[in-house]
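Just so it is clear, none of the values below were taken in a lab; they were calculated from the coordinates. The model shown is predicted, which means the values in this text are computed figures rather than measured ones. Glycine also receives a Cβ, built like all others from the backbone with ideal geometry; neighbour counts cover every protein chain displayed.
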Amino acid sequence: MAQCLRYLKVRTTALSQAMQMNAVPTATQTTAQPTRRPTSSLAVPQIGSSRVTVSSDRRGELGTTLFELMIGLMILTILTAVATPGIAALVRRQNLRDAAEDVLYAAGLARSRARANRRAYGLQVGKVGSKGEYLTITLRRGTGTKCDTLGGGSVEYTREYTATNAAGRPEIAIVTRAPSELSSNTVFACFKPDGRMVRSDTGLPFRPPEKGWFAGDVYYELRRVNGSVAVGTAVQVQLGYNGTARLTYGVDLSKLQGVN
């Protein structure tokens, strides 16, 4: 009996100690932990709350003041005023070069089709308008190998750089031509099946620029038109007697009008 009492006493003591170890600590037993201030400028919102507070030392750094906005607009206006003339000049030069390359394309097309189709091809460049001579490009196919068959042929390619063109292209003027034979609208370049470029009316080469020279080339000087005034730098298109075409700059066309 005594042994049973001792056994119950031991078990009771062990059970009591186990309950004390698992018990919730009281307020007096809890050690207060130091609180940390959030490092972010924005406080963490509480669950169930829709408010987000901003720390007082960061409120003045958010947003843009009206004074700063006005300064930015003023700087933007000054930069735009400085850059606008340069951009406009760049656009004019690009438009002029595009028009000149259209002439080169038409010349190359005339030469290649003349050789492939065994037909004469005529390239008409220029059109007289109320503000001067506008650039127009017309490619004609003849009915035969001779240039005098162009009148009865068909039009295979056209481009207009007039003031009222339907495609909205810029106005381009032909400032000068060389040789002087091109002053007549009935005379233009004719590409023959053998690759040569000659006069459309006679089938003969254009006059050379000087005596003793071989057959001359054809030149067109183009400039951009603003209203009724030619502006910007001119670009020149050269059509060679051998049928090739290229761009040139600064050639004095007054010395290339041809001699008898």
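At a glance:
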quantity: Sparse-neighbour loop sites [trypsin sites (Lys or Arg not before Pro); region 189-260; at most 14 other C-beta within 10 Å; DSSP]; calculated: 211
quantity: Computed E for residue 104/residue 71 - FRET, C-beta separation, R0 41 angstrom, nearest 0.05; calculated: 0.25
quantity: Inter-probe distance in nm under a simple model that places probes 7 Å from Cα toward Cβ, at residue 155 and residue 184; calculated: 2.2
quantity: Whole-Å semi-axes of the ellipsoid equivalent to region 194-260 (Cα gyration tensor, √5λ, descending); calculated: 25, 14, 11
quantity: Global form of region 144-260, assessed from the alpha-carbon gyration tensor, a/c cut-off 1.5; calculated: oblate
quantity: Estimated FRET transfer efficiency when R0 is 30 angstrom, pair residue 210-residue 233 (beta carbons, to 0.05); calculated: 0.65
quantity: Cα-projected label distance for residue 167 with residue 97, points at 7 Å along beta-carbon direction, nm; calculated: 1.9
quantity: Order of 68, 181 under a 10 Å beta carbon neighbour criterion, fewest first; calculated: 68, 181
